[in-house]
Amino acid sequence: MNTFSKIHEARSPLLRLLVGATLLALVFAGGVAVSAHKTVTLTVDGASTTVATMKSRVIDVVEENGFEVGERDDLFPAADEAVGQSDTIVLRRSRPLQVSLDGENSRQVWTTASTVDEALAELEMTDKAPAAASRGSRVPLAGMSLPVVSAKTVHINDGGAVRTVTLAAPNVAGLLEAAGAPLQQRDEVAPAASAPVVDDMQITVTRNRIEKVTERVPLPPVMTRIEDPTMNQSRQVVENPGTPGLQDVVFAIAKLNGTETGRLPVANVVLTPARDGVLRVGTKPGTEVPPVSNPATWDALARCEAGGNWAINTGNGFYGGVQFDQNTWERNGGLRYAARADLATREEQIAIAEVTRARQGWGAWPTCSGRIGAR
């Protein structure tokens, strides 16, 4: 027979009363313990954690989790406030700052700020700028030195755009960033980016940029080269110009203060392939074309005869800039250069025209030679 059975069968009223009281006390104590247990959020210097506790006061919860509260610290709710389920406790611990303005008037202050930016706001110095740390830098619990600089009026020539600003910044680079015009890529600045800012400073910025731009441009055809031993070495004839294709080309464009100074293709995507052309190149050794002695006269004659087009072939039986008929071209030695006058270069046509003029005079071109005053 176990103990509980013995108690149950006991006839002593006193014993039964004692057992009942004991059980009631245990149930009450358990209920109190359950009601005292709670979960709260503890935020220390901006960092939050969820903690379980049976403490009833704010200060007890904080100390239970290993934090001491000094006289300069901020605690919310107050230390003696009661703690309930799901409450939030915020502790902002104070830390010393050694503050100086423009290198002078160094003094120690205490702050509960976690970052430099918050500290400047607490000190009512938002119009100042930290000289060393960034605004987002954390303020260590042990404290730190915080030199700040006041706003200065400076003149900025930014790629030709001139303006005057009044801003607080530790150096030229910081001031340009504060002015909304940060240095990028290969930008140049004078004075140097690290130079401290002083009143009435003149800052000159040269913007050097490399930009990538995609443009749709023709794709030149590849010219198939055919060597022709029957044609003079100086001759090249486009037998088939081919057909250009289409491509998207990525250009790296260099700009100086917004003005393009050069570009290079760095990639391309062919949209429509080009059709190859044919270039016939002469390989036959021959007499070099003599220099043109009176080019202005021959150009004037070509303008009159053919509108200045040395490659004209209208199908009327006359070819080239000075409108040779085929017989005149062949009789005066034109075949050494090309099969027809319109297939020869300007200089080659003038060379044969000089031979023609020597034999026939300007009368070979009776109308136009008179119009240009050649006779």
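Taken together, the values in this text are just the output of simple stated rules run on the coordinates, not laboratory data. No experiment lies behind these values; they were computed from the predicted model shown. Please note: Cβ atoms are built from the backbone with ideal geometry, for glycine as well, and neighbour counts cover all protein chains shown.
Exposure proxy for S94, S134: other Cβ atoms within 10 Å of each Cβ, ordered fewest to most, give S134, S94. Full extension of the chain between T214 and R359 yields a length gain of 46.3 nm, computed as 0.36 nm times the residue separation minus the alpha carbon distance. Give the label of the value calculated from the structure for log10 I(q)/I(0) by the Debye sum over Cα atoms at q = 0.09, 0.11 Å⁻¹, choosing from (1) -0.84, -0.99; (2) -0.48, -0.72; (3) -0.60, -0.81. Computing log10 I(q)/I(0) by the Debye sum over Cα atoms at q = 0.09, 0.11 Å⁻¹ and matching it to (1) -0.84, -0.99; (2) -0.48, -0.72; (3) -0.60, -0.81 gives (1). Placing pseudo-labels 7 Å out from each Cα toward the beta carbon at Q108 and T164 gives an inter-label distance of 4.3 nm.
In which sequence would R92, R263, R225 go, from the one with the fewest C-beta neighbours within 10 Å to the one with the most?
Working: R92 19, R263 16, R225 10.
Fewest-to-most ranking of R92, R263, R225: R225, R263, R92.
Would you list, by chain and number, the aspartates and glutamates whose Cα falls below 13 Å from the Cα of K212, excluding same-chain residues fewer than 8 positions away? Filter leaves D248, E260.
Select from A267, A296, A82 the residue whose mean-square fluctuation is largest in a Gaussian network model of the chain (Cα-Cα springs shorter than 10 Å). Residue with maximal mean-square fluctuation among A267, A296, A82: A296.
Net charge dipole, the chain: roughly 1400 debye, given to the nearest 20, about the Cα centre with Cβ charges of +1 for Lys and Arg and -1 for Asp and Glu. Within the straight-line cut-off of under 20 Å between alpha carbons, the lysines reachable from K55 are K38, sequence neighbours fewer than 8 places apart in one chain being disregarded.
Counting only residues at least eight positions apart within a chain, or on another chain, the aspartates and glutamates with an alpha carbon under 13 Å from that of K152 are D102, D127, D199, D200. Using 0.36 nm per residue and subtracting the Cα-Cα separation, the extra length available between A121 and A195 on full extension is 24.0 nm. Once C-alpha pairs closer than 8 Å and six or more residues apart are averaged by separation and normalised to the residue number of the chain, the relative contact order reads 8 percent.
Taking K and R as +1 and D and E as -1, what net charge do the other residues with C-beta under 12 Å from the C-beta of G282 add up to? That sum, taken over residues with Cβ under 12 Å, equals +2.
Charges were assigned to the Cβ only: +1 to each Lys and Arg, -1 to each Asp and Glu. The resulting dipole of region 38-194 about its Cα centre is roughly 300 debye. Within region 202-240, list the residues whose amide N lies under 19 Å from a label point set 7 Å along Cα→Cβ of T153. Those under the cut-off are 202-204. Helix 295-306 axis versus longest C-alpha principal axis of the chain: approximately 90°, rounded to the nearest ten.
Suppose a student asked you for the relative contact order of region 211-281, using Cα pairs under 8 Å spaced at least 6 residues apart; what percent would you report? Show your work: numbers first, answer last.
Numbers: 164 pairs, mean separation 33.1, N = 71.
Normalised by residue count, the contact order of region 211-281 is 47 percent.
Dividing the summed helix terms, -39500 (n - 2.57) for each DSSP H run of n ≥ 4, by the number of residues in the chain produces a 222 nm estimate of -7000 deg cm²/dmol to the nearest 500.
Exposure proxy for L279, L120, L141: other Cβ atoms within 10 Å of each Cβ, ordered fewest to most, give L141, L279, L120.
Shown is the FRET efficiency for R135 and V266, computed with R0 = 41 Å from the Cβ-Cβ distance and rounded to the nearest 0.05: 0.60. Using the Cβ-Cβ distance between A178 and T50 with R0 set to 41 Å, the FRET efficiency from 1/(1 + (r/R0)^6) comes to roughly 0.55. Compared with the direct C-alpha span, the chain from E330 to V250 gains 23.7 nm at full extension, assuming 0.36 nm per residue.
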